[in-house]
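Rule-based calculations on the coordinates, nothing more; no lab input. Only a predicted model underlies this, so the values are computations on that prediction, with no experimental measurement involved. Don't worry about glycine lacking a Cβ; one is built from the backbone with ideal geometry, like all the others, and counts go over all protein chains shown.
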Amino acid sequence: MFEPSQWLLYMICKNNLYLMFTKRDWIKLILEAECHSATYLLYDRLTKKNSKTNNCPEYLLEQLHSYYLLNGQRNVILLRQAAGIIKLLNSHGVNALVLKGAALVEIAYEDLGQRKIGDLDLLIDFDDAQRAVEILSSHNMVTSVCTNRAIFTEHHHLPVMYAKNGLAIELHWSIFPVCMIKEADGKEITKKIMAEARSFKLNGIEAKTLSIEHMIIHLCVHAAGQHLCNEGIMKFYDISQLLAISGDHIDWCKLYEDSEEFGVIKAVILGLIVSERLLHCCIPKEFKQRAKAYEPSEDIIEWACEKVLSHRLPRRLRDAVRIERVMKVGINHIFTKAVEHIANMPRNKKLSNMPRNKKLSNMPGNKKSSIVIYLLFNAISSLYGFVCVFTRMLSSTGTLRKQVHKDKALVEWFQ
């Protein structure tokens, strides 16, 4: 049986590919990659110079190519905007470290199109948070700001702010959620992290990010601890890629000691183990031997890997939701066109734009019948979607109960 998640793992780990799938399987694979935000990386693997021949349909490759180019262009725009924000904050004496996507694209990836930058995450000192918000808002860099001081202590980052071009900006005062550490500890950890920050080039300007060891710690905690392995393959591919790029430059003793000092050693170990299991990254034997005391059971490791591959929802339930969405969109599209034809309406005119005060009984017969047909089939499609999802949920009730139990065991292990 074709398993898209397993083949996706294989493809992003290998450069020399010789794959012969059916057209349906290629579509399944691309949908799976889209669920994990790995579409761009999949295209990169399929078109590597040293990649062997595959039978991926030409139209699918062209679609992937367009996604890849658009993502690269989007990343260029976002990095330019990020560089301007960093420059502005530094000029006002606010020290800001670039976290996650914007830093990883420049450091760990060969091409800007391989990974999507979701938002701009910046780490700043707790005492500079309010001033940073005021600086960004006074220079019209953001369209929405937060002035509620209580939020600063309830979360490890401020509410999302948006730049004029749509870039989402998150100002963090700690790289760890407040549920995992104490507020006072978070402030001290941030000071230590910022003191050991390293420089890198962000769109041609000098910027700072976490040291290699602290970046690995942050990525592991974010993927395995904060989100409990629910965010898909790419979170762990970031870890694997960083390990591969950094190589001998990683101080594994410091990584272990800092993880233990910060109180996040279990999340770090689980993140590294899952990355090793799924993506075959190299972790030194000495580190694994030292971390033996914190290593989770085999059941927890297997469940974490399964969660990464299933990506949030159980597979049967996720397929049901996808079927419901596709069917509803398809049925709505077909019968909207039929309604427009029956009513002899222009194709760019939507039924939703009709005056609300116009009663159905006063309409001409052809328009009345078309609206009735439209509403009837919209109800049928919605009912079909509900039945589809509900039956799938009933069929997987036992599975869901087991998964809740496994999730509970995972959370208890972290505690």
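Solvent-free Debye calculation, one equal scatterer per alpha-carbon of the range 184-246: log10 I(q)/I(0) at 0.12 Å⁻¹ equals -0.37. What are the residues whose amide H is under 5 Å from the amide H of residue 48, where those residues sit 5 or more places off or on another chain and H is modelled from the backbone? The list, which skips near neighbours in sequence, is empty: none. The listed peptides 21-30, 268-277, 301-310, 155-164, ordered by packing as a protection proxy, come out as 268-277, 301-310, 155-164, 21-30 (highest mean of other Cβ atoms within 10 Å first).
Would you work out which of 263, 287, 219 lies farthest towards the positive end of the dipole of the range 211-312, given +1 charges on the beta-carbon of Lys and Arg and -1 on that of Asp and Glu, about the Cα centre? Comparing the listed Cα positions along the dipole, 219 ranks first. When the alpha carbon gyration tensor of the range 223-262 is reduced to an equivalent ellipsoid, its three semi-axes come out at 21, 16, 4 angstrom, largest first. With only Cα atoms counted, the range 202-277 has Rg and Dmax values of 12.5, 37 Å. Rounded to the nearest angstrom and listed largest first, the equivalent-ellipsoid semi-axes of the range 83-209 from its Cα gyration tensor are 22, 18, 14. How many percent of all Cα-Cα pairs in the range 149-304 sit more than 24 Å apart? Roughly 37 percent, once rounded to a whole number. Checked against a 30 Å cut-off, the cross-linked pairs 100/254; 208/307; 87/235; 48/406; 28/266; 23/307 give Cα-Cα distances beyond that limit for 208/307; 48/406; 28/266.
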